[in-house]
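The values are calculated or read from the model by the stated rules, or taken from the named source; none is laboratory data. Remember, predicted model here, so these are calculated numbers, not experimental data. Please note: Cβ atoms are built from the backbone with ideal geometry, for glycine as well, and neighbour counts cover all protein chains shown. Note: areas computed on protein heavy atoms with side chains; ligands, DNA, RNA excluded. Shrake-Rupley method; radii C 1.70, N 1.55, O 1.52, S 1.80 Å.
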Amino acid sequence: MPLYKTINFSQTTQILVWKITESYEQLFSEVQLNEKSLLRLNNMKSQLHQRAFLSVRKLLQQVGYSDFNLYYDQFGKPHLHDGKHISISHSHEFSSIIISDQKAGIDIEMQREKIISIADKFVNNKDSLRLGDTNIQDYIKKLTVKWGAKEAIFKIRNEPGISFKNHIWVNSFEIKDKKTIAILEMGNIKQQFSIYFEDFEGFILVYAFEK
Ligand SMILES: CC(C)(COP(=O)(O)OP(=O)(O)OC[C@H]1O[C@@H](n2cnc3c(N)ncnc32)[C@H](O)[C@@H]1OP(=O)(O)O)[C@@H](O)C(=O)NCCC(=O)NCCS
């Protein structure tokens, strides 16, 4: 399938999602890669990862960019040569990008029951979320939003030492709200983020902006 979802968030921010149904060969024949990307692609162990990587280049094409407009810093964070902000995420058969004039982070995650068993590693008291408050499906969705929000914030800050559990919390929300606020508090940094999310086909897409 080609483009799965486009969110025209504002005049200067777009979010795009690809549902990866194409073969590796088809995707490879439709994009052009710079040398570093070719090398990375060839070193990837799984074809799922390769297809996700290529599908991100298809997403770039939708908004007039190519792999040649993209570079990565030493931490693996992607940047665009024209100075716009970009963030990238892929999970199973979905990939997504956000392109914005503002600093932004994106994360797409499959909704899995397994997240309950690791909740203790990334949820803190200020996250104020308990299974007792809700049914299990709703709890999994909310945990996945919280995880995705923390990943998206991490991608904005790109800072070593950030602990999802100790430094970031996400205000309470309902899935139907499709938005919330998160706070990062680390040393003398205290920063708020606007969080937006979408729930589709068993996945949660989260994107974040600095407030
Ligand atoms: C780097 C990291 C953010 C990637 O997230 P992920 O969920 O594994 O994978 P995603 O598909 O969502 O994101 C991968 C993309 O993130 C981007 N990325 C990688 N490192 C990045 C960084 N330091 N900053 C911003 N973006 C980064 C890349 O674009 C990458 O895709 P690409 O290389 O194919 O272009 C993640 O592995 C990480 O390190 N998270 C924080 C660590 C942490 O504290 N986790 C556990 C807490 S309990």
Express in whole angstrom the spacing between the alpha-carbon centres of region 6-83 and region 174-211. 24
Using only Cα atoms, tell me the angle between helix 47-62 and the longest principal axis of the chain; keep it within 0 to 90° and round to the nearest 10. 80
Assuming R0 = 41 Å, what is the FRET efficiency of E185 and Y24, from their Cβ-Cβ distance, to the nearest 0.05? 0.45
Tally Lys/Arg at +1 and Asp/Glu at -1 over every other residue whose Cβ is under 12 Å from the Cβ of K84; what's the total? -1
Mean separation of Cα contacts under 8 Å (at least 6 apart) over the residue count of region 69-135, i.e. the relative contact order in percent, is 19
Along Cα→Cβ, 7 Å out, is where each label goes; now give me the distance between the ones at D101 and I116 in nm to one decimal. 4.5
Using alpha-carbon pairs under 8 Å, 6+ residues apart, how would you state the relative contact order of region 107-210 in percent? 32
In region 107-210, carbon and sulfur make up what percent of the accessible area (probe 1.4 Å)? 47
The local net charge around I97, scoring Lys/Arg +1 and Asp/Glu -1 for residues other than I97 whose Cβ lies under 15 Å from its Cβ, equals +2
DSSP-assigned coil residues among trypsin sites (Lys or Arg not before Pro) in region 99-203, each with at most 15 further Cβ atoms within 10 Å: K103, R112, K114, R130, K178
Distance (nanometres) between label positions extended 7 Å along Cα→Cβ at L3 and S66: 1.9
Radius 14 Å from Cβ of K126, net charge of other residues (Lys, Arg +1; Asp, Glu -1): +3
Whole-number percent relative contact order across the chain, with pairs defined as alpha carbons under 8 Å at least 6 apart: 17
Hey, can you find the accessible area per residue of the chain for me, probe 1.4 Å, expressed in square angstrom? 50
Plugging the Cβ-Cβ distance of D177 and K77 into 1/(1 + (r/R0)^6) at R0 = 41 Å yields, to the nearest 0.05, a FRET efficiency of 0.90
